[in-house]
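Read the structure below first, then the notes.
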Amino acid sequence: MGRQKIWRDRIDAHNRLIRHYFAENPTYPESYFRRWFRMSTELFRRIAEKLASHDRFFQQRRNATGELGHSTFQKVTAALRMLAYGIPADLVDDHVAMGESQAIMCVKRFAVGIVQVFGEEYLRSPNAEDAARLLAMNKARGFPGMLGSIDCMHWSWKNIVQRHGMGNS
């Protein structure tokens with residue numbers, strides 16, 4: 001049967017995305033963006049700009065027929081929504097007007113790009129200075145000893161369990 005061409009109004013979807021979150025007076029406040037995207041709009045912009053300058057895939061371009069493709073923000077939004085919520089690729093269509101295969105490509109290129117662009121600085125093991133800063137920050141938030149805890153349970157919880165004999169089976 002082959003592929004079926006579905007007209008998606010990419011430009012309208014891009015404009016809606018900008019209006020909702022990135023305009024001078026956005027429809028939704030920053031707190032909504034933080035809740036839905038797990039980051040600030042400023043961080044989102046920084047990531048999108050870095051990815052677009054690193055990989056042409058994230059730049060908005062025209063296809064062979066001259067049709068304008070998805071914007072940088074649409075591509076990054078698709079990848080982040082899928083990663084943040086574990087949703088399948090076909091669910092981003094309503095939000096960013098993007099087909100399943102393009103959404104999958106966004107996630108793949110996003111993952112590779114993040115490692116290549118930010119890996120050396122952010123995806124490394126913490127040094128002594130990083131560890132001290134992270135421990136102080138978490139202690140101030142009420143989570144002492146959090147560093148290295150994958151399951152977000154701090155060391156005092158382990159001590160409580162051991163003290164009360166709840167860890168023995």
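The values are calculated or read from the model by the stated rules, or taken from the named source; none is laboratory data. Model, not experiment: these values are computed from the prediction. Note that we place each Cβ from the backbone using ideal geometry, even for glycine, and neighbour counts take in every protein chain shown.
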Quiz item: Would a scan of the range 116-137 turn up a residue that is in a helix (DSSP H, G or I), hydrophobic (A, V, I, L, M, F, W, C), closer than 23 Å to D55 by Cβ and under 15 Å from the mean Cα position of the chain (by Cα)?
Solution: yes
Quiz item: What is the one condition in (1) within 27 Å of V112 (Cα to Cα); (2) part of a loop (DSSP other than H, G, I, E, B); (3) not basic (K, R) that E24 does not satisfy?
Solution: (1)
Practice problem: Kindly establish whether T77 is assigned by TED's automatic domain parsing to the domain that holds A103 and without any contact (Cβ under 8 Å) to a residue 24 or more places away in the chain. | Solution: no
Self-check item: Answer from R61, R19, R10 - the residue that is buried (at least 18 other Cβ atoms within 10 Å of the Cβ), over 19 Å from the mean Cα position of the chain (by Cα) and over 29 Å from Y122 (Cα atoms)
Solution: R10
Quiz prompt | Qualifying residue in the range 74-83 (condition: at pLDDT below 95, of a type in the set (A, V, I, L, M, F, W, C) and farther than 22 Å from I18 by Cβ) | solution = no
Quiz prompt | Every residue from the range 41-58 that is under 24 Å from R19 (Cβ atoms) and over 14 Å from the mean Cα position of the chain (by Cα) | solution = A52, F58
Quiz item: In the list S101, S40, which residue meets the criterion of being more than 24 Å from F118 (Cβ to Cβ), touching a helix residue (DSSP H, G or I) at 6+ places or on another chain (Cβ under 9 Å) and either of a type in the set (F, W, Y) or without any contact (Cβ under 8 Å) to a residue 60 or more places away in the chain (or both)?
Solution: S101
